[in-house]
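Shown next, in structure tokens, is the structure this report addresses.
The values are calculated or read from the model by the stated rules, or taken from the named source; none is laboratory data. What you see is a predicted model, and the numbers here were worked out from it, not measured in a lab. We place every Cβ from the backbone using ideal geometry, glycine too, and count neighbours over all the protein chains shown. Ligands, DNA and RNA are stripped out before the accessible areas are found, and what is left, the full protein with its side chains, is counted by its heavy atoms. Shrake-Rupley method; radii C 1.70, N 1.55, O 1.52, S 1.80 Å.
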Amino acid sequence: MNKKIRFFQSIHFKIALVFILLLLVTVEIIGAYFVRSLEQQNIETFKTSINIDPYLQEKLASDLLSEDADTANASMKTTISQADVANTATVTVVDAKGTVRANSNLNNQNDVGQKSASSNVKSVLYNGQLFEGYEYGASTGSQYTKIIPIKNPNATGDGNAVIGVVAITASMESVYANINKIVKIFLIASLVAGLLGTLISIVISRAITRPIDEMKKQAIRMARGDYSGQVRIYGQDELGQLAVAVNNLSVRVEEAQEASEAERRRLDSVLAHMTDGVIATDRRGNVIIINETALDFLNTRNEDVIGVSILKLLTIDKDYTLRDLLETQKELLLDFSEQLDHELILRVDFSLIQRETGFISGLVAVLHDVTEQQKNERERREFVSNVSHELRTPLTSMRSYIEALSDGAWQDPAIAPQFLKVTQEETDRMIRMINDLLSLSRMDSGTSTIELETINLNEFFNYILDRFDMMLKTDNEHASSDNNTRHTPGLLPGSEKKHYTIRREITKRDLWVEIDQDKFMQVVDNIMNNAIKYSPDGGVITARLLETHNHVILSITDQGLGIPRQDINKVFDRFYRVDKARSRQQGGTGLGLAISKEVVEALGGRIWVDSQEGKGSTFYISLPYSPITDAGGDWDEA
Ligand code: ADP
């Protein structure tokens, strides 16, 4: 852009050149005219100076008519010496016969008395006309000759009265030397004028081009984005006004630039802080803008996607063309889980960037993360199908028993009570399940209130475990008498005969924590019941309670069948059971741990499991705990 201008191409040079040429042409024209007229004038003056006065001519005429040749010759010599002609001129008097009678050249008197050799003299003698002419001789140089006829003053009529001529020959060298001198002076003067003119024109053109040059530099700086400079103002002329305009322009451009920069930054920050991904493309569908969120979604970098087709970027190039997107602009649900090795489902909404004329200049895609929504939707569907399935199983089993009873089995005292017992068990299980579902649904909808009390967890845990020990002693009398809700611990159907030992490894310290007693008891009951359910007969169940500096950790370890590695994170899911048939047979609903998790999390704690298949499982519950607080005071308040 900023190519260096060579001096010969510059305006500076051109203006100077024009000035100099103008000056030279003017000087030359004036000079030529002046020299020419001077030359003519000089020659004219010279010519008029070459003349013989009429009274001298009359004297010569009378001498030529005189009989006494010698006296006449001498007289004529005197006469011509008196002639007022240039001193370099030679005056010769020739008579009618062509004989030279007198000569003004003192060094050359030889031709006096000789015939004149000049043909011009002869023709003047013959026709009596005045002759003027120039001739050039190698030795004499440029010469001017004037031949004046002398007529007989006494002659009358038309007859030839020429009695002789006076020939004046003068060298023109002095005239030309004079002219040459003037020309030389003129040449020197024009050279000096040319030099001075060159100097002046360089200075003037510099004065003109300097502001232009500065404005050029300012424009280049502006193009580079540097608006700091100002053009100097040299005067109030047009260039001065232009400089003022350039300075104003610079300020305006800077303001406009800043405004558009601020606008761009605003747009950038809006895009950067959007939780939705945004991709803008040009007319051909190639990415021109992509925000941080979109880059995160697609796990890519800005420089890798700019200019890439949006179809490729979203990996929909096999299913859609750009035309499809432009014409339908529908929203797409794209699953990136496989590509990204984490679950990601995006809803992509396309819209056109359209000018007022209707010309489509691009496409905007908004990427919205709907993974959670989709997951919830899927879970909801699964849940409904699970609930239906879970309820159908006991119902069909009950129906078959009731059918058998009504088909006559009710009369059979051997099987009727057994059948009725099974139907009762199934009904109990359904009631338990519906109770569980209700408490889950209450927790989901937030309608279940948590009533926090500060209690000594140490004491409370022991109390729960005491109930299980008590149950062991009275199991035969109380077996499954009241197990409609999870609040009551007890031996569930299918585990009536099971024996177990509870070992306690519980800290001696009081641990005051804020919990909802009923709900927490339900959680511990559930884990204990599971431990018993999934333990072998005679197994040891270890209950531990310990504290860290800001948590209490409660754990229950059994020696049961354990949980396979792949299922370990799923046991807290609703209706998830490792072995469905076995769990159902033991009266399980698959909701106990799900409820436990909800409760513990509502209390600000965490529940997790550690298990070795075939060896046993340990369920852990950690609750927030701050030993510094004055627990006694809290207790009083509660
Ligand atoms: P369920 O009513 O079936 O016991 P839970 O939600 O209480 O439902 O438990 C979910 C599943 O976790 C159970 O079906 C079982 O497969 C597994 N599970 C729970 N506790 C234990 C345990 N102590 N030992 C082995 N597996 C267990």
**Study point:** Evaluation of LEU125 against (1) assigned to a loop (DSSP other than H, G, I, E, B); (2) surrounded by 18 or more Cβ atoms within 10 Å (Cβ to Cβ) (one fails), failing number
**Key:** (1)
**Study point:** Candidate set: the range 553-562, residues that are under 11 Å from TYR620 (Cβ atoms) and open to solvent by less than 10 Å² (accessible area, probe 1.4 Å); chosen: the one nearest to the ligand (Cβ to nearest atom)
**Key:** ILE556
Exercise for review: Give just the number: which of (1) more than 27 Å from ILE360 (Cβ to Cβ); (2) outside any helix (DSSP H, G or I) does ALA262 not satisfy?
Suggested key: (2)
Check your understanding: Exactly one of (1) within 11 Å of the ligand (Cβ to nearest atom); (2) surrounded by fewer than 21 Cβ atoms within 10 Å (Cβ to Cβ) is unmet by SER617. Its number?
Key -> (2)
Exercise for review: State all residues of the range 265-282 that are surrounded by fewer than 13 Cβ atoms within 10 Å (Cβ to Cβ) and in a loop (DSSP other than H, G, I, E, B); if no residue qualifies, say none.
Suggested key: HIS273, THR275
Revision key, fill the gap. Only one of LEU322, LEU334 is in contact with a helix residue (DSSP H, G or I) (Cβ under 8 Å, 6 or more places away or on another chain) and closer than 22 Å to ILE289 by Cβ, namely LEU322
Check your understanding: Given (1) over 60 Å from the mean Cα position of the chain (by Cα); (2) more than 8 Å from the ligand (Cβ to nearest atom); (3) free of Cβ contacts under 8 Å to residues at least 40 places away in the same chain, where does LYS580 come up short, assuming only one miss?
Key -> (2)
Check your understanding: Of everything in the range 283-314 that's touching a strand residue (DSSP E or B) at 6+ places or on another chain (Cβ under 8 Å) and polar (S, T, N, Q), which residue is least open to solvent (accessible area, probe 1.4 Å)?
Key -> ASN291
**Study point:** Residues of the range 588-611 that turn out to be within 22 Å of ARG504 (Cβ to Cβ), open to solvent by 50 Å² or more (accessible area, probe 1.4 Å) and not charged (D, E, K, R), as a count
**Key:** 1
Review point. Among the residues of the range 620-636, is there at least one that is near the ligand (Cβ under 9 Å from one of its atoms) and within 30 Å of MET430 (Cα to Cα)?
Key: no
Review point. Can you tell me which residues in the range 563-577 are touching a Ser or Thr at 6+ places or on another chain (Cβ under 9 Å), of a type outside the set (D, E, K, R) and more than 6 Å from the ligand (Cβ to nearest atom)?
Key: PRO564, ILE568, PHE572, PHE575
Check your understanding: Taking ASP84, is it assigned to a loop (DSSP other than H, G, I, E, B), under 14 Å from THR169 (Cα atoms) and of a type in the set (D, E, K, R)?
Key -> yes
Practice item. Go through the range 110-132 and give me each residue that's on the phi < 0 side of the Ramachandran plot and of a type in the set (Gly, Ala, Ser). Key: SER116, ALA117, SER118, SER119, SER123
**Study point:** Matching residues in the range 528-552 - criterion: being within 10 Å of the ligand (Cβ to nearest atom) and either touching a helix residue (DSSP H, G or I) at 6+ places or on another chain (Cβ under 7 Å) or within 20 Å of LYS597 (Cα to Cα) (or both)
**Key:** MET528, ASN529, ASN530, ALA531, ILE532, LYS533, TYR534, ILE541
Check your understanding: Within the range 225-237, is there a residue that is out of contact with any Pro (no Cβ under 9 Å at 6 or more places or on another chain) and in a helix (DSSP H, G or I)?
Key -> no
Check your understanding: Within the range 583-596, restricting attention to residues that are more than 7 Å from the ligand (Cβ to nearest atom) and at pLDDT 80 or above, which residue is farthest from HIS389 (Cα to Cα)?
Key -> SER596
Review point. Any residue in the range 514-527 that is open to solvent by 20 Å² or more (accessible area, probe 1.4 Å), farther than 30 Å from HIS389 by Cα and more than 7 Å from the ligand (Cβ to nearest atom)?
Key: yes
Check your understanding: Here are some conditions: (1) of a type in the set (Asp, Glu); (2) at pLDDT below 90; (3) more than 11 Å from the ligand (Cβ to nearest atom). GLU601 meets all but one. Which one does it not meet?
Key -> (2)
